[in-house]
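Data first, discussion second: the structure below is written as structure tokens.
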Amino acid sequence: MASLNVGNLGEYLREQRRTAQLSLRQLADAAGVSNPYLSQIERGLRKPSAEVLQQVAKALRISAETLYVRAGILDEKEREELETRAVILADPSINERQKQVLLQIYDSFRKENAAEAAEAAEAAQAAAAAAAEAARVAAAAAESAAGRPVDTPDAEPPNRP
């Protein structure tokens, strides 16, 4: 079985082509690109456009978004969102109105979760700042109790004879 743990777009395309049991020429014909051009993409000599990647993905019957991520056109989170949307829009068991409502709900959940994540990050940052301040105050109190000078910005210098 072919390994899907490949390092770049060209290697990934070659693995997908071999898994689909297609020759380079067969895939090039199915995707509507030239055989030499596809060979150059597989060898990492050319960076294909999004349109070419979409044609190749269709010919391989794989997600175009996956190829976009591999090519650096799209990041992983965007790919996941697009795939979710594509699945909803392609579902033949629900009508167009239901698809639109489902997408609106999906968007509202994503916005709500993003806002909650931002609030949690702010709370964590505030907690870390409070903990650092508490540690500074505790260290100053310990030094003061031991009779050593305290090095704090608002402490007055000790009176030494």
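For the pair A118 and Q40, how long in nm is the line joining their label points, each one 7 Å along Cα→Cβ?
4.4 nm
Across the range 13-102, how large is the tail of the calculated P(r) beyond 20 Å, expressed as a percent of all Cα pairs?
41 percent
Determine the per residue accessible area of the chain with all protein chains present and a 1.4 angstrom probe, expressed in square angstrom.
Per residue, the chain has 70 Å² of solvent-accessible surface.
Shape verdict for the range 44-85, please, from the Cα gyration tensor: rounded (a/c under 1.5), prolate (a/b greater than b/c) or oblate.
In terms of gyration-tensor shape, oblate.
With an 8 Å cut-off on Cα pairs and a minimum separation of 6 or more residues, tell me the relative contact order of the chain in percent.
12 percent
Could you tell me the calculated FRET efficiency between D91 and R18, based on Cβ-Cβ distance and R0 = 25 angstrom, to the nearest 0.05?
Step by step, r from the Cβ atoms, then E = 0.20.
Would you work out which of A31, A120, L103 lies farthest towards the positive end of the dipole of the chain? Charges go on Cβ: Lys and Arg +1, Asp and Glu -1.
A31
Where the only charges are on Cβ atoms (+1 Lys, Arg; -1 Asp, Glu), what is the dipole of the range 1-87 about its Cα centre, to the nearest 20 debye?
Computed about the Cα centre, the dipole is about 380 debye.
By a straight-distance test (C-alpha under 18 Å), which lysines pair with K77 as possible cross-link partners, with residues fewer than eight away in the same chain excluded?
Counting by Cα, and skipping residues close in sequence, K77 has these lysines nearby: K111.
Of all the accessible heavy-atom surface of the range 66-112, with the other protein chains kept in place and a 1.4 Å probe, what percent is carbon and sulfur?
Roughly 56 percent of what the probe reaches on the range 66-112 is carbon or sulfur.
Work out the length of the dipole vector of the range 74-120 about its Cα centre, built from +1 on the beta-carbon of each Lys and Arg and -1 on the beta-carbon of each Asp and Glu, and round it to the nearest 20 debye.
It comes to approximately 260 debye.
In nanometres, what is the gap between the two model label sites at K58 and Q104, each 7 Å from Cα along Cα-to-Cβ?
It works out to 3.2 nm between the two label points.
Per residue and in cubic angstrom, what volume does the convex hull of the Cα atoms of the chain have?
Once divided by residue count, the hull of the chain is 238 Å³.
When the chain is treated as a GNM, springs tying every alpha-carbon pair under 10 Å, which of A64, A114, A28 comes out with the largest mean-square fluctuation?
A114
The values are calculated or read from the model by the stated rules, or taken from the named source; none is laboratory data. As the structure is a prediction and not an experimental result, all values here were calculated from the model. Cβ: placed from backbone, ideal geometry, glycine included. Neighbour counts: every protein chain shown. Protein only, heavy atoms only, side chains kept; ligands, DNA and RNA dropped before computing areas. Shrake-Rupley method; radii C 1.70, N 1.55, O 1.52, S 1.80 Å.
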